[in-house]
Amino acid sequence: MSVETLREKIREIPDFPKPGILFYDITTLLKDPAAYREAIQLMVDPYRGAQIDLVVGMESRGFIFSAPMAIELGAGLVPVRKLGKLPAETLSVEYALEYGSNTLEIHRDAIQPGQKVLVVDDLLATGGTVKGTIELIERLKGEIVGLAFLVELDFLHGRDRLGGHRVTSVIRY
């Protein structure tokens, strides 16, 4: 299956969640088993052999990709959640979205110093969510191997805000 075929599976919804935002709805890709499987493989491929210890998935759509990628890479899975969702002691960071702000948390014991980490989310827009996640991982002294996304919105230049980390994306708009 080609990247273009995957792109065609993503539904575009104008003015969601607010006027002026074009939302890329991946649920139409996810319901197609072959497309979902191919998306996972294409997201994992650049990191095969990288000896990744942990895959960090960002709430909430990042979980859809990070869990199967962790299995595929033989790595553990660490969720980064929104404020108040994790039960043990956490670190938190506030970050900016393209249409607001939010707070992310990670368990204080989720990452040990020096562990190799792959960060996964469905979409890279302005980079605010992943930048916040990077800050949490760095505070725990994890080593970020890469940042993997299904979709990247090039026109928002999120990649430029990520401090030179390796960024891979399957579909770019």
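Annotations for the structure displayed:
- Mean shadow area of the chain, taken as a quarter of the surface of its Cα convex hull (nm²): 9.5
- With a Cα cut-off of under 19 Å and a minimum spacing of 8 residues unless on different chains, the lysine pairs in the chain number 5.
- Computed over the chain with a Gaussian network model linking Cα atoms closer than 10 Å, the most mobile of 46, 79, 14 is 14.
- ³J(HN,Hα) computed for each position of region 44-61 - Karplus, 6.51 cos²θ - 1.76 cosθ + 1.60, integer Hz, glycine/proline x: 7, 3, x, 10, 5, x, 7, 6, 6, 7, 9, 9, 9, x, 9, 4, 10, 5
- Signed unit charges on C-beta, dipole axis of the chain, positive-most listed residue 54, 96, 153: 54
- Relative contact order of region 73-173: 24 percent, from C-alpha pairs under 8 Å at least 6 residues apart in sequence.
- Value of Rg to Rh for region 10-53 (Rh from inverse mean 1/r over Cα pairs, i.e. Kirkwood): 1.19
- Between the amide H of residue 124 and those of 151, 152, 153, distances stay under 5 Å, these residues lying 5 or more places away or on another chain, with hydrogens modeled in the peptide plane.
- Measuring nothing but how far apart in sequence close Cα pairs (under 8 Å, 6+ apart) lie, relative to its length, the chain scores a relative contact order of 19 percent.
- Computed E for residue 160/residue 11 - FRET, C-beta separation, R0 25 angstrom, nearest 0.05: 0.35
- Charge dipole of region 50-172 (Cα centre as origin; +1 on each Lys and Arg Cβ, -1 on each Asp and Glu Cβ, all else neutral): 40 debye, rounded to the nearest 20.
- Note on residue 172 and residue 89: with the Förster distance fixed at 30 Å, the Cβ-Cβ geometry gives a FRET efficiency of about 0.20.
- Along principal axes, Cα extents of region 54-127, largest first, whole Å: 35, 27, 21
Values quoted throughout were computed directly from the atomic coordinates according to the rules given, and no laboratory measurement underlies them. Only a predicted model underlies this, so the values are computations on that prediction, with no experimental measurement involved. Cβ atoms come from the backbone with ideal geometry, glycine included; neighbour counts cover every protein chain shown.
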